[in-house]
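A short worksheet on the structure shown next.
Rule-based calculations on the coordinates, nothing more; no lab input. Computed from a predicted model, the values in this text were never measured in an experiment. In this analysis, Cβ positions are derived from the backbone assuming ideal geometry, glycine residues included, and neighbour counts consider all displayed protein chains.
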Amino acid sequence: MGIVSPGFHGRRRGAGVKLPPGQYLTEDFPVLSAGPTPRIRPEDWEFTVTTETGQEHRWSWRELLDLPGETPTVDIHCVTKWSKLGTSWEGVSLDTLLADVDTAADYALVHSYGGYTTNLPLEDLLDGQAWIAYRFDGEDLAPEHGGPARLLVPHLYFWKSAKWVRGIRLMDEDEPGFWETAGYHDYGDPWREQRYQGD
Amino acid sequence: MIDDYEDGNALAGPLSEIFTFDVTTADTRCAGCGRTGPVAGLRVYTHAPGLVARCPGCEEVVLRVVRTPTAAWLDLRGSVALRIPLAPA
Amino acid sequence: MARAAVPGRLSWRVARLTDTRAETATARTLVFDVPGWPGHLAGQHVDVRLTADDGYSTQRSYSIAAPADGDRVELTVQDVPDGEVSSYLTEGLSVGDPVEIRGPVGGWFVWRPADTAPVLLVAGGSGVVPLMAMARARRQAGSRTPFRLVYSVRTPADRYYAAELRRPDPGLDVAYVYTRAVPEGSSRPPGRLAVADLNSGGWPADFAPDCFVCGPTGFVETAADILLSLGHDARKIKTERFGPTGG
Ligand SMILES: Cc1cc2nc3c(=O)[nH]c(=O)nc-3n(C[C@H](O)[C@H](O)[C@H](O)COP(=O)(O)OP(=O)(O)OC[C@H]3O[C@@H](n4cnc5c(N)ncnc54)[C@H](O)[C@@H]3O)c2cc1C
Ligand SMILES: [Zn+2]
């Protein structure tokens, strides 16, 4: 640990709530970005699921909105150590999107407009654990937070919740994504503090 | 908050932990578009789990640095070569 | 696993605050004592790391405001509203308190007294800090290299180093660009940096000046575009973006 600077607390507030190890509470919603913010008009937006056999399932913006929506309220945990509690979203469950997708794959590689990728086991996208979210806090999802739509997988560190989501490739083998090839954990469970490879 | 980036200069501190010379003054060639220029001239995104340096010409990732408590991960796959100025041998 | 510091690689040093000066209502110059400081070039910066008593820690970059002077390191910090680090440095840190510093770093955005090309400094808000270090290094070295500084601020009260920049310094010309409110008698209405400002306050591209541009990201973008449109060689334009804020 470094030398303590007296009276420095950082932007953190609200002790007393149970957070994953090493996390701090934040009230605002920090914007993280590893590149320029893609601007995708909803009419150009498309979401594609590709199975391990190469079969493609595609949804336009309209088709996505026509699916039954859900309104999860969840806690989110960013690997840069902030956690935000009780965030409310609206989106389509991956259970709904994957219902008619015929696959025996174990892994998913999520990819985004702008080139970002992230990997996770397929089972973590199912059973009410993940959504394609298009509204946050009652408003359309802003581009800096991943709009028009982002993946929401709140039980894993938030880098897995890919912004500007464009598609998911289902695969038999795990393939590391953008941060996972640069030292971050392949799974990323905040409660087990799986930040980096080897944690 | 669009295009919230800094210059490659901002990499000087984090890279000084890894290298004994100042990498930001080295020239790099982008693997995406072939553009050549100093690492100090790349666009660095710092509000992220790591530092991501992109080519100012084509916006492809040229270099990434992730600092874990016990290691630094350096990814240079977006750069074809680094030309590091040295004193005459 | 304890690891000895590798020679040549930088690690964190303890810096203690010895003095502060208000530059504006919201910016302070902080003078630190850093034992064993190796010296630095004008334009270089340091990373400052703050650690709380529970181990939480965060770091930011700050330009060095003055030329090398023994163990003394001067920074000027703009208090950004809600800024995690800048607010602590400008308001929370007391004389005698420690922070950690890594540096000096950055060998690209630097001016050396041996450089002889005319110099154009273009500053937006707190972006004047490393450029002031260059102007001060020039004066300290007795260099005759001609310097021009075009300094964009919101209002006259937002100028850093106002008294020092008012004092005559032969060979250093200073022009202000006010974006919100101008001083009495000023002929230029308030407004953002424009082509005319760098055309009249800068050097013709034919003189092949070294251009240093520093400030918030949006400002640097604008200024660098103007310099390119005025015919300056991209290789002669060095930029240092402070991020979205930075005054
Ligand atoms: C090479 C270099 C040199 C610099 N030199 C100086 C200098 O000499 N003087 C100086 O005053 N500053 C300088 N800066 C800027 C400085 O590093 C800090 O960015 C600045 O002090 C703000 O830090 P903070 O912790 O106070 O603010 P932060 O807490 O980081 O927040 C700053 C502002 O950005 C917003 N913000 C917070 N998080 C994010 C996010 N994830 N994405 C977008 N916006 C966000 C906040 O709401 C706030 O308005 C320099 C920067 C660089 C890169
Ligand atoms: Zn390129």
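One table, with the values for the structure above:
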{"item": "Positive-pole candidate from A:A34, A:A108, B:L11, dipole of the protein assembly as shown, charges at beta carbon", "result": "B:L11"}
{"item": "Chain A - charge dipole about Cα centre, Lys and Arg +1 at Cβ, Asp and Glu -1, debye rounded to 20", "result": "1180 debye"}
{"item": "Order of C:I101, B:I84 - criterion: other Cβ atoms within 10 Å of each residue's Cβ, fewest first", "result": "B:I84, C:I101"}
{"item": "Sorted by Cβ neighbour density within 10 Å, fewest at the top, the residues A:L122, C:L30", "result": "A:L122, C:L30"}
{"item": "Lys/Arg +1, Asp/Glu -1 at C-beta; region C:117-206 dipole; positive extreme among C:A163, C:V195, C:G124", "result": "C:A163"}
{"item": "Cβ-based net charge around A:G54, under 13 Å, with every Lys or Arg adding one and every Asp or Glu removing one", "result": "-3"}
{"item": "Using alpha carbons only: equivalent-ellipsoid semi-axes of the protein assembly as shown, gyration tensor based, whole Å", "result": "43, 26, 23"}
{"item": "Separation of alpha-carbon centers, region C:215-237 and region B:21-89, rounded to whole Å", "result": "21 Å"}
{"item": "³J(HN,Hα) computed for each position of region C:191-204 - Karplus, 6.51 cos²θ - 1.76 cosθ + 1.60, integer Hz, glycine/proline x", "result": "x, 5, 3, 10, 3, 4, 5, 7, 5, 8, x, x, 10, x"}
{"item": "For chain B, alpha-carbon Rg relative to the globular expectation (2.2 N^0.38 Å, N residues)", "result": "1.05"}
{"item": "Relative packing of peptides A:174-187, A:37-50 - highest average C-beta neighbours within 10 Å first", "result": "A:174-187, A:37-50"}
{"item": "Cα pair count fraction exceeding 23 Å, expressed as % - region C:1-138", "result": "34 percent"}
{"item": "Anchor A:K84: lysines whose Cα lies under 16 Å away (excluding residues fewer than 8 positions away in-chain)", "result": "A:K18, A:K160"}
{"item": "Sorted largest first, extent of chain A alpha carbons per principal axis (Å)", "result": "58, 37, 31"}
{"item": "C:D115 versus C:T18: modelled label distance in nm, points set 7 Å from Cα along the beta carbon direction", "result": "2.8 nm"}
{"item": "Sum of side-chain charges, A:W179 neighbourhood, beta-carbon under 11 Å (Lys, Arg +1; Asp, Glu -1)", "result": "0"}
{"item": "Viscosity 1.306 mPa s, temperature 10 °C, Stokes-Einstein D of region B:1-44 from Kirkwood C-alpha radius, µm²/s", "result": "143 µm²/s"}
{"item": "Counting DSSP beta bridges with both ends in the protein assembly as shown, the antiparallel % (nearest 5)", "result": "75 percent"}
{"item": "If the convex hull is drawn through the Cα atoms of region C:119-242, its volume per residue in Å³", "result": "101 Å³"}
{"item": "Inter-chain shielding of B:60-66 (mean C-beta neighbours from other protein chains, 10 Å cut-off)", "result": "3"}
{"item": "Net charge of Cβ neighbours under 11 Å - reference C:F207; Lys, Arg +1; Asp, Glu -1", "result": "0"}
{"item": "Nearest-20 debye value, region C:13-105 charge dipole, Cβ charges on Lys, Arg, Asp, Glu", "result": "300 debye"}
{"item": "Normalised contact order of chain C, rounded percent, pairs of Cα under 8 Å and 6 or more residues apart", "result": "18 percent"}
{"item": "Whether chain C is rounded, prolate or oblate, judged on the alpha carbon gyration tensor where a/c under 1.5 counts as rounded", "result": "prolate"}
{"item": "Residue order, fewest to most beta carbons within 10 Å, for C:M132, A:M1, A:M171", "result": "A:M1, A:M171, C:M132"}
{"item": "Where labels lie 7 Å past Cα in the beta-carbon direction, separation of A:T87 and A:V101 in nm", "result": "2.1 nm"}
{"item": "Region C:119-242, relative contact order [Cα under 8 Å, separation at least 6], %", "result": "29 percent"}
{"item": "Sequence-separation-based contact order of chain B, relative, with Cα cut under 8 Å and 6+ spacing, percent", "result": "27 percent"}
{"item": "Euclidean distance between Cα centres, region C:2-70 to region A:140-170, Å", "result": "38 Å"}
{"item": "Sequence-distant residues sharing a close amide H with C:D97 (under 5 Å, placed H)", "result": "C:L17"}
